[in-house]
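Note sheet for the following structure.
The values are calculated or read from the model by the stated rules, or taken from the named source; none is laboratory data. These numbers were taken from a predicted model, which means no experiment stands behind them. Here the Cβ positions follow ideal geometry from the backbone for every residue, glycine too, while neighbour counts run over all protein chains shown. Ligands, DNA and RNA are excluded from the accessible area calculation, which covers all protein heavy atoms including side chains. Shrake-Rupley method; radii C 1.70, N 1.55, O 1.52, S 1.80 Å.
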Amino acid sequence: MSDKPMVDLPPECWELIFNLVGHHRHFEPLSVVCRQFLAISNQLRVSLTVSDQTVLFLPRLLRRFQHLRKIDLSDFHGDLEGPLYQIAKSGLDLEALNLSNQRNLPPDGLRKLGSNMKNLRSLTCSKSGSLLDFHLFVIAASFPYLEELDISYPEHEHCYSSSGFADSGRYPAVTDSGVYALSTKLKNLIKIDLSGNQFIHDTSLMALSSNCALLREIAVRDCAFITQSALAFVISCSPELRSISASEIWLPFKDVGFEQSFIYAKALCDINLSNSFVADELLYSIVEACLPLNKLTLAHCDGFTFAGISLLLAKYQCLSLLNLEGVNFLTDQNIVELSKFFSMLTSINLSLCSKLTNSTFFTIMKRCHFLDEVKMERTNVGGEDFSADIVVNPRVKSLNLARICKLGDGSVKKFAAVCPNLQQLNLSSCSKVTGESVVEIFKRCREIRRLEINQCSGIKGLVIDFELSKLEEMSAKGSGINDEALAVIGKRSCRLLHLDLAGCLNVTAKGVKEVVQSCRLLREINLKCCDNVNAGIVAWMVFSRPSLRKIIPPCGFASTENQINLFLRHGCLVCEGQHFKGHGKPPLI
């Protein structure tokens, strides 16, 4: 490796150029050009993901990347205390740490980290086992400058009393005492997620609202003992509140206090009341409050009518996000009338609205000029009725049409023509979709970066005679895709990074070799339950494709610790039985 590149520019100029590359995964090929590029890429790396296998290299990684701001340990499942001590003594000035999915949070490790990481602003401990009040006491004392805290959905095996209600006295868990400690210590707290904590009550929310003057976002989804009274208190008494997210809030009688609380919410712009009983009177109170509302989620809500939602949307025509998933009374004609108020929408979710057809799809494409994301999973689109006006919408980047049994090639072709600049498309579990649709999508939507065709048994072969220059991720789990299709994808997809073939029974080692040989940037491949792929191909993949960073091998793969370490030294993590994340960050060694 040479010391400098052929073109001699000041380091500051090279840094600007590197920043234009985007995600740090693209730094790797640049880092091997020369020592100067290696030093620049090391300096610009600000985030690191640590897994079970790569934790062995953590001290080396912490020395190499001295400007890290975020570390993610959610894929690590061992004893957390060691990594926390290593991070604490690394001298890094972290801003965010993710400790999700841990069996236990070691108090001593948290204290050591807190004594050295004074500027930590964001801590995520979602889905942690054995999360207790004691841990919250330690967090509150160790990280007094925290601004964001996520302790959602702890992995407790809840005990229940004979009456059927959760009994906190019989099983240790987070209670109001722990949340109160957080509220008194974390004076800079802006955002907190308490979702899934079954033993907290209204007093927890009242303490946070009273003691955390800067609180802007609070989430209490799936908290059985949180009532509308506590939500009303938070909305009324938190002047900085921007976002509130709750679920399963039932109002068996008219609650004037809850309805009137919105009058005091001068900054509230994001409301999520999923799976709740929301009467028209509540929607009317939101209308009268004149909020700066731009995001509204009423997914799977009951109680309101078309008149209620129509009045609300007429008032808030600047909404950017609208989620009405599972609102079953909606019809095509309802959407035609509501679409008059959709002019500023960038994201709409109408999934599980079973009465909606092609007409709704074409209506929102015509009326929503700023639309970026559309979700219509498990709706009734896909029929052959295309009588509605068809207008091209070049703004739409993401489309989810998964699990629609009647969706066929004809409909997919029409939809692709309407959205020529799609970057993400999900057609999973659409059994009538064939390879003909996929080819048409690639032909019309040249910006496609991610395609999901999971469980599409009708997709087998592909005939493509043009380049798929933007495709980076393809998920085809349980599909009918075969070796010939893989060969075509490999030949045409020069930028493919992630390929998920789990459960593809028509794929053999021949097809895998074709795609691995052709895709020079391939980083992750999932062959789990590919019963016709010989497990012996794994070693060949590691040594034949240097870009590979993660392989989930087929059934029958058996390896020794020495082999796994050998693969790691070549930069590839071979992880048996793990989930394939696609969007996740592969380990960098």
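Descriptive notes on the structure:
- Per residue, the stretch 266-367 exposes an accessible area of 35 Å² to a 1.4 Å probe, with every protein chain left in place.
- Note that the stretch 536-549 has calculated 3J(HN,Hα) couplings of x, 6, 4, 4, 4, 5, 4, 7, 8, 10, x, 6, 4, 10 Hz, one per residue in order, obtained from phi through the Karplus relation 6.51 cos²θ - 1.76 cosθ + 1.60 (θ = phi - 60°); glycine and proline are x.
- Radius of gyration and Dmax over the Cα atoms of the stretch 180-316, both given in Å: 14.1, 45
- Residue pairs, from the table Lys366/Lys460; Lys491/Lys550; Lys89/Lys127; Lys375/Lys460, whose Cα atoms sit over 30 Å apart: Lys366/Lys460
- Classification of the chain by its C-alpha gyration tensor yields an oblate form. The axis ratio a/c (a ≥ b ≥ c) is 1.5 or more, and b/c is at least a/b.
- Per-residue 3J(HN,Hα) values for the stretch 53-62, derived from phi via the Karplus relation 6.51 cos²θ - 1.76 cosθ + 1.60 with θ = phi - 60°, read 7, 7, 4, 4, 9, 4, x, 5, 5, 5 Hz in sequence order (x marks Gly and Pro).
- Set Lys397/Lys510; Lys414/Lys470; Lys70/Lys315 screened for pairs whose C-alpha atoms are more than 29 Å apart: Lys397/Lys510; Lys70/Lys315
- With DNA, RNA and ligands ignored, accessible area of Trp250 (1.4 Å probe; Å², nearest 10): 130
- Charge tally in the Cβ shell below 14 Å around Val55, where Lys, Arg are +1 and Asp, Glu are -1, Val55 excluded: -4
- Split the accessible area of the chain by element, probe 1.4 Å, and carbon with sulfur accounts for 52%.
- Within the shell of other residues whose beta carbon sits under 14 angstrom from the beta carbon of Asp176, the net charge comes to -2, with Lys and Arg scored +1 and Asp and Glu -1.
- Estimated at the nearest 10 Å², the accessible area of Cys405 is 100 Å² with a 1.4 Å probe.
- Helical content of the chain, expressed as a calculated mean residue ellipticity at 222 nm, amounts to -9000 deg cm²/dmol (DSSP H runs of 4 or more residues, -39,500 (n - 2.57) each, divided by residue number, nearest 500).
- Amide proton proximity set for Leu399, modelled H, under 5 Å, gap of 5+: Val374, Gln424, Leu425, Asn426
- Inter-part distance, the stretch 427-455 to the stretch 135-156, computed on C-alpha centroids, equals 43 Å.
- Radius 11 Å from Cβ of Tyr284, net charge of other residues (Lys, Arg +1; Asp, Glu -1): -3
- Per-residue Karplus couplings for the stretch 268-283, computed as 6.51 cos²θ - 1.76 cosθ + 1.60 with θ equal to phi - 60°, are listed in order as 5, 10, 9, 10, 10, 10, 3, 6, 10, 8, 10, 7, 4, 4, 5, 5 Hz, Gly and Pro entered as x.
- Aspartates and glutamates with Cα under 16 Å of Lys191, excluding same-chain neighbours fewer than 8 positions away: Glu95, Glu147, Glu148, Asp150, Glu217, Glu240, Asp270
- Gap separating the Cα centres of the stretch 51-119 and the stretch 210-245, nearest whole Å: 31
- Close amide H contacts of Ser74 (hydrogens built in the peptide plane, cut-off under 5 Å, sequence separation of 5 or more or a different chain): Val50, Ser100.
- Under 5 Å, built H, 5+ apart or other chain: amide partners of Ser493: Leu468
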